[in-house]
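Student: What follows is a single structure, and I will ask about it in a moment.
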Amino acid sequence: DVDGVLNSEQYVHEIGNEWDGNQIDPKAVARLNRLNDESDALIVVSSSWRLGVTIQHLRNTLAFHGVKGYVLGATKYLGSDRANEIWDWIDSAKKKSYIDSFVILDDDRLELRRDQSDPVLDLHFVRTSWLDGLQDHHVEKAIKILDEVKFNLNVVKKGIL
């Protein structure tokens, strides 16, 4: 995600009248770059910033703001909750052997309904906050997930898709 991860209410207040909705907090970018440097992770965008633009546009936008990691792709908008969009991307990626581990950075819940959760995605989820975005402790948790929680590509996802 971008909003609530790479920008935040705190950052909006810091830049004040300069805010136009397209800025990204350089401190959050530095944290994301540290995560990338320590893990060699690739980026898949699930943010609303992906809607109506090409992958190349996303790459250029994030690079313009200092993001060093490679943007591999973006989840499809399926008109459903983000968990389903993430599983759709994973199902496609596993056919191409793209992933063995992943982490989800987002300030929102992954599901639309509070009574649903996904025990597999929950193991890979780092929830940030719109109030202050990506922080050092989120990066530490994400690195730990990438190092320790390997994804079983053959896992059965009952009720997810």
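Student: Sort out which residues of the stretch 1-41 are without any contact (Cβ under 8 Å) to a residue 40 or more places away in the chain, closer than 26 Å to residue 93 by Cα and outside any helix (DSSP H, G or I), and write them in order of number.
Tutor: 40
Student: I'm trying to understand the selection: among the residues of the stretch 51-93, which are among the aromatic types (Phe, Trp, Tyr) and either free of Cβ contacts under 8 Å to residues at least 60 places away in the same chain or touching a Cys at 6+ places or on another chain (Cβ under 7 Å) (or both)?
Tutor: As a first pass, look at the stretch 51-93 and keep what is among the aromatic types (Phe, Trp, Tyr): 64, 70, 77, 87, 89.
Matches in the stretch 51-93: 64, 70, 77, 89.
Student: Within the stretch 48-161, which strands (runs of 3 or more DSSP E) (wholly inside it) include 3 or more residues that are at pLDDT 80 or above, within 22 Å of residue 7 (Cβ to Cβ) and among the hydrophobic types (A, V, I, L, M, F, W, C)?
Tutor: 71-74
Student: Can you report the number of residues in the stretch 29-50 which are touching a strand residue (DSSP E or B) at 6+ places or on another chain (Cβ under 9 Å) and either surrounded by fewer than 15 Cβ atoms within 10 Å (Cβ to Cβ) or within 28 Å of residue 79 (Cα to Cα) (or both)?
Tutor: Keep residues of the stretch 29-50 that are touching a strand residue (DSSP E or B) at 6+ places or on another chain (Cβ under 9 Å), which gives 32, 35-36, 42-50.
Those still in the list that are either surrounded by fewer than 15 Cβ atoms within 10 Å (Cβ to Cβ) or within 28 Å of residue 79 (Cα to Cα) (or both) too: 32, 42-50.
Total meeting the criteria: 10.
The values are calculated or read from the model by the stated rules, or taken from the named source; none is laboratory data. Remember, predicted model here, so these are calculated numbers, not experimental data. Neighbour counts are summed over all protein chains in view; Cβ atoms, including those assigned to glycine, are modelled from backbone coordinates with ideal geometry.
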